[in-house]
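Structure first, then comments.
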Amino acid sequence: MSANMEDRASWDASFPGIVWKQVFHRVPQIPSHIDLHDQVAVVTGSSTGLGFECARQLLQLRLSHLILAVRSQSKGEAALSTLQAEFPKAHTEVWMLDMESYESVQDFASRCEKLDRLDVVILNAGCGKMQFSRCGGDNGREVTLQVNYLATMLLTILLIPIFKAKAATDENHGQSSRSPGRITIVGSDMAFWAKLKETSGSMLDAISSPQDFDGMNQYAITKLLLPMFMSRLVEVVSADDCIVNIVNPSGVRGTQLMREATTILPRLIVYTSGVLLGRNLQHGTRQYLHSALVLGKESHGSFCDWEIRP
């Protein structure tokens, strides 16, 4: 890393640097040449907040087939009804996906394998649990760790060969000019402030421990693990097969991030920071689209918003 990059990384990770980007930088518009006609996209966690707005903005770009991946059938159907009313010509459907279940993740990937084509996947589903709980009973991993990191990475790993296989099929049919598939994973600048526990054993076991559990720090840890894993993933995954990156939406109002918090403090922190510094949903979501549609192979394995960050 160059000295200039080190200086920039330090600034971008600092609280003043984050505030500067939030307050004095505008999210650029999506270039007019981006047209998703005939393409297929998946957005996870798309029944509310940033996920729903992301789905809406993809349809604004003339996306032909949208899959809303949600864990609540009723909320998914409500989101579907709203989008169909606004975009009646698009093929929009709801698929169930519960990130607390590895079986559900595997079943979802199997359904994706049966699609005629797959172009863009935005892994937006996430949570911030303030009370310690495990997935699937006493033997499971802590919920925030599984949803934000383990299941998200599992789905990424399962989708990459699907993108590669579909690209090979297109090439066999004389459609080699098609762009690589895209997977954009939603991260957070809270990763900069994560504090990992010291352990002589398994790091995942330590993170899944109820001892000294701090929900805000747990959320930050899960977002830190994403770029750590990504740095290894791109060593074995070519950008020619699938471009994988992480998008950081920073502060955005109306995300419902801490909707499951049982205490007032986490909700108050998210609400106050959103009011003071947060972008609106439209601008926050546009960062998703920049990372997923505008940035190219140079963003493979990178931490981005509308540009690549150190």
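The values are calculated or read from the model by the stated rules, or taken from the named source; none is laboratory data. Note that this is a predicted model, so its numbers are computed, not measured. Using ideal geometry, Cβ is built from the backbone for each residue, glycine included, and neighbour counts are taken over all protein chains shown. With ligands, DNA and RNA removed, areas are computed over all heavy atoms of the protein, side chains included. Shrake-Rupley method; radii C 1.70, N 1.55, O 1.52, S 1.80 Å.
Values computed for the structure shown
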{"item": "Residue, least open to solvent (accessible area, probe 1.4 Å), within the range 38-84, restricted to residues that are basic (Lys, Arg) and over 24 Å from Ile162 (Cβ atoms)", "result": "Arg56"}
{"item": "All positions within the range 175-224 that are among the hydrophobic types (A, V, I, L, M, F, W, C) and within 30 Å of Arg117 (Cα to Cα)", "result": "Ile183, Ile185, Val186"}
{"item": "Hey, Ser104 within 30 Å of Ser202 (Cα to Cα), open to solvent by 10 Å² or more (accessible area, probe 1.4 Å) and modelled with pLDDT under 95 or not", "result": "no"}
{"item": "Near pairs, Cβ below 6 angstrom, 6+ apart or cross-chain, from the range 1-26 (closer than 16 Å to Phe303 by Cα and open to solvent by 70 Å² or more (accessible area, probe 1.4 Å)) to any residue that is at pLDDT 80 or above and part of a helix (DSSP H, G or I)", "result": "Trp11/Gly17"}
{"item": "Criterion: in contact with a Lys or Arg (Cβ under 8 Å, 6 or more places away or on another chain) and surrounded by 14 or more Cβ atoms within 10 Å (Cβ to Cβ) - qualifying residue of Val94, Val147, Val121", "result": "Val121"}
{"item": "Residue within the range 118-133 that is under 27 Å from Ser302 (Cα atoms), under 17 Å from the mean Cα position of the chain (by Cα), polar (S, T, N, Q) and not in a loop (DSSP other than H, G, I, E, B) present", "result": "no"}
{"item": "Output for the range 54-68, where each listed residue is touching a helix residue (DSSP H, G or I) at 6+ places or on another chain (Cβ under 7 Å) and under 16 Å from Leu118 (Cβ atoms)", "result": "Ala55, Leu66, Leu68"}
{"item": "Pair list, Cβ under 6 Å, 6 or more apart: the range 187-206 residue part of a helix (DSSP H, G or I), other residue at pLDDT below 90", "result": "Asp189/Ile18; Asp189/Ser250; Phe192/Ala13; Ala206/Lys197; Ala206/Thr199"}
{"item": "Residues (of a type outside the set (Asp, Glu) and within 20 Å of Thr152 (Cβ to Cβ)) located in the range 194-215", "result": "Ala194, Leu196, Ser202, Met203, Leu204, Ala206, Ile207, Ser208, Gly215"}
